[in-house]
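*Asks:* Attaching a single structure in structure tokens format; questions to follow.
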Amino acid sequence: MHYSVSPVGFVRSCFKEKFAIPRQPQLAPAARGVLELVPPFDTGDAVAGLEQSSHVWLLFLFHQALEDKPRLKVRPPRLGGNTSMGVFATRATHRPNGIGQSVVRLEKVEPGRLLLSGIDLLDGTPVLDIKPYVPYADSVAEASNTMASAPPTAIDVEWSESALPQAHSHAQRLGEPLVELIEQCLAQDPRPAYQVPPAERVYGVKFWDVQVRWHYPQPERIRVLEVVAD
Ligand code: SAM
């Protein structure tokens, strides 16, 4: 049996590649984006009253992780990438139907656009549904999950002499909290858990329209080397 769904909008996100996107929303409050709604949802009618909600659920497609054959088991990077678990026991991106769900902060509602923050969504992500967050129903005080019981342990992020002024000037040009975005995302140590990076290895990722490059002077410390226009 097949059903068809179509996106109600697409996310324009600070994250231009999958690498270094936080594992879950809320982990990087400075991660911002705009959900551009498509007709007929772009007139304002469909979102009338949504501004009463501080957060929204987004149901979306992992459009850059879609697969024909569903996987039954996956290896979550959080477990070092070598422990396999049932796909439904994880929040992995490679999953049947490729559906993701994130609760994100709703910064502003405009006709045809939702301004969002605290997102974990790749640029261009198709959104299938938007729902207001309902705290009494959606947050379960006594809930537990022994595999993902706490956010990733933060590591120190320092700046080389030139990188911080570079980041500040791009932040000003963009009108975005780029310094905080870089610090919040890199503090979660984006490298795969099983990689022990040699100090000379330089990592890079594109946030907004800039390339951010860093290395690990020590295994548990990141130094941002440069923030340059892509
Ligand atoms: N909060 C969602 C959930 O639980 O369904 C997403 C969790 S998933 C572990 C988060 C990761 O999905 C991000 O780190 C990013 O690498 C990846 N991702 C985000 N948007 C994506 C997209 N459109 N296609 C493929 N992968 C995506």
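The values are calculated or read from the model by the stated rules, or taken from the named source; none is laboratory data. None of the values given here were measured: they were computed from a predicted structure. Heads up, the Cβs are rebuilt from the backbone with ideal geometry, glycines too, and the neighbour counts pull from every protein chain shown. Remember, those area values only see protein heavy atoms, side chains included, never the ligands or the DNA or RNA. Shrake-Rupley method; radii C 1.70, N 1.55, O 1.52, S 1.80 Å.
*Asks:* Using R₀ = 25 Å, calculate the FRET efficiency as 1/(1 + (r/R₀)^6) where r is the Cβ-Cβ separation of ASP230 and GLN24; round to 0.05.
*Replies:* 0.45
*Asks:* Taking the mean number of other Cβ atoms within 10 Å as a proxy for protection, how do you rank 107-114, 131-138 from highest to lowest?
*Replies:* 107-114, 131-138
*Asks:* Taking N as the number of residues in region 23-125, what value does Rg over Cα atoms divided by 2.2 N^0.38 Å take?
*Replies:* Normalised by 2.2 N^0.38 Å, the Cα Rg of region 23-125 equals 1.23.
*Asks:* Next up: Students often check this: by mean Cβ neighbours within 10 Å, which of 118-126, 36-44 ranks highest, and how do the rest follow?
*Replies:* 118-126, 36-44
*Asks:* For region 17-108, which whole-number percentage of the solvent-accessible area (1.4 Å probe, protein heavy atoms only) is attributable to carbon and sulfur atoms?
*Replies:* Reported share for carbon and sulfur atoms: 54 percent.
*Asks:* Here's another thing I want to ask about it. Let me spell out the model: positive unit charges on the Cβ of Lys and Arg, negative unit charges on the Cβ of Asp and Glu, origin at the Cα centre of region 50-121. What dipole size does that give, in debye rounded to 20?
*Replies:* Dipole about the Cα centre, nearest 20: 380 debye.
*Asks:* Can you give me the orientation-averaged projected area of the convex hull built on the Cα atoms of region 186-230, in nm²?
*Replies:* In nm², the orientation-averaged hull projection of region 186-230 is 3.1.
*Asks:* Which three extents, in angstrom, do the Cα atoms of the chain have along their principal axes, listed largest first?
*Replies:* Projected onto its principal axes, the Cα set of the chain covers 51, 44, 37 Å.
*Asks:* Next question, about the same structure. Report the one residue of VAL74, TRP159, PRO40 whose Cα lies farthest in the direction of the positive end of the charge dipole of the chain (charges on C-beta: Lys and Arg +1, Asp and Glu -1; origin at the Cα centre).
*Replies:* VAL74
*Asks:* Which values, in whole Å and largest first, are the semi-axes of the equivalent ellipsoid of region 114-230 obtained as the square root of 5 times each eigenvalue of the Cα gyration tensor?
*Replies:* So the equivalent ellipsoid measures 29, 21, 12 Å along its semi-axes.
*Asks:* Let me make sure I get this right: for region 73-123, a, b and c are the square roots of the gyration tensor eigenvalues over alpha carbons, sorted descending. Under 1.5 in a/c it's rounded, otherwise prolate if a/b > b/c, else oblate. Which is it?
*Replies:* Prolate, because a/c is 1.5 or more and a/b exceeds b/c.
*Asks:* Same structure, new question: Report the Rg/Rh value for region 1-70, based on alpha-carbon coordinates and the Kirkwood definition of Rh.
*Replies:* Across region 1-70, the Cα-based Rg/Rh ratio is 0.99.
*Asks:* Right, here's the next one. Sort out for me the Cα centre separation of region 124-190 from region 30-45, rounded to whole Å.
*Replies:* 21 Å
*Asks:* Could you work out the relative contact order of the chain, using alpha carbon pairs under 8 angstrom and six or more residues apart, expressed as a whole percent?
*Replies:* 26 percent
*Asks:* Give me the accessible area per residue for the chain, probe 1.4 Å, as a whole number in Å².
*Replies:* Per residue, the chain has an accessible area of 56 Å².
*Asks:* Within 10 Å of each candidate Cβ there may be at most 12 other Cβ atoms; applying that plus a DSSP loop requirement, which GluC sites (Glu not before Pro) in region 186-228 survive?
*Replies:* Counting only loop positions with at most 12 other Cβ atoms within 10 Å, the GluC sites (Glu not before Pro) in region 186-228 are GLU200, GLU220.
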